[in-house]
Amino acid sequence: MTPNRLLITGFSNPAVKAARSLREKKHRKREGRFLAEGLRLLTEAREAGIVPEALWLGQQRDPHPLIDALEVAVAARGGTIYETTTDILSKISGKDNPQTVLGVFEDLPTSLDALDRDRSGIWLVAQSMRDPGNLGTMLRTCDAVGAGGLILVDQCVDPFSVEAVRASMGAVFTVPVAQAEWGDFLRWLRTGPGQLVGTSLNTSSDYRGADYAAPCFLLIGNEAQGLPPAYEAECDLLVKIPMLGKADSLNAAVAAAVMAYEVLARQS
């Protein structure tokens, strides 16, 4: 084996323990690392110029040119390639039927000041988002509509959790993600152009008849409570998505997608 390729068959190996620990937020924060699982996700990352520092491969995997490309990329950056058993991959990923390809990546932090608001006419802003599936879906929506990025306000779920990364279907590698408290976000927003549009039940303005400026920052509230009144008061525009059935609101990620495509249509 080459120096950067190792065979691991023991559960007690320190590399296994280190990779497995990244399933927990406190360890991700401490190490500045996160996990991504599956050939599609890792290929999306590689094509975006982001290569894992460690690549875990199942010994029983089928040959695939995309796996070969990943191995070449990891070796070129001086990373480590681990070959291991399905049981160990299951222990690392926390899944009974793990993918045969798993990567350990360095964090992808983005500060508000590093964002270029001229990058796009649409941005998504999530306030106190709790569900990793919703967050991952919002990242996919950002990618789909060409949004500039996703800004997480207040205490949101970790965008680099295994669940959120999986739900993003690779968009976590293509969409800038910034995190900030509400006051910091608002100060940053008001230092330049930007229309803050909130979704709310406390308005009669239909989202289909509104005027959206660019760049438009779509603010989506917490799944259970929606936007706090103080946050709604800071919005330049509040709009409502009509509900024709018994439900009073859409899922937060679905609402974000509906809004984003409407803004995209209005701005085009």
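What separates the Cα centres of the stretch 173-217 and the stretch 28-100 is a distance of 36 Å.
Over the stretch 112-267, the alpha carbon radius of gyration divided by the compact-protein estimate 2.2 N^0.38 Å works out to 0.94.
When the chain is treated as a Gaussian network with alpha carbon springs shorter than 10 Å, the biggest mean-square fluctuation among GLY121, GLY245, GLY79 belongs to GLY245. Of all DSSP beta bridges confined to the chain, the antiparallel ones make up roughly 25%.
For the stretch 112-267, the per residue solvent-accessible surface stands at 42 Å², with DNA, RNA and ligands left out and a 1.4 Å probe. Backbone amide hydrogens, once placed in the peptide plane, bring GLU83 within less than 5 Å of LEU6, LEU7, ILE8, LEU57, excluding anything fewer than 5 places away on its chain. Listed values (i) 18.5, 62; (ii) 20.5, 67; (iii) 17.7, 55 include one computed from this model; for Rg and Dmax of the Cα atoms in Å that value carries the label (ii).
Here is the list for the stretch 232-268: trypsin sites (Lys or Arg not before Pro) lying in DSSP coil, each with at most 12 other C-beta atoms within 10 angstrom of its C-beta, are LYS246.
When all alpha carbon pairs of the stretch 6-106 are counted in 5 Å bins from zero, the resulting P(r) reads 2, 14, 26, 27, 21, 9, 1, 0 %.
For the chain, what does the relative contact order come out to in percent, with C-alpha contacts under 8 Å and a separation of six or more?
On the way: 521 pairs, mean separation 49.9, N = 268.
Reported relative contact order: 19 percent.
The values are calculated or read from the model by the stated rules, or taken from the named source; none is laboratory data. Because the structure is predicted, anything quoted here is derived from the model rather than measured. Cβ atoms come from the backbone with ideal geometry, glycine included; neighbour counts cover every protein chain shown. With ligands, DNA and RNA removed, areas are computed over all heavy atoms of the protein, side chains included. Shrake-Rupley method; radii C 1.70, N 1.55, O 1.52, S 1.80 Å.
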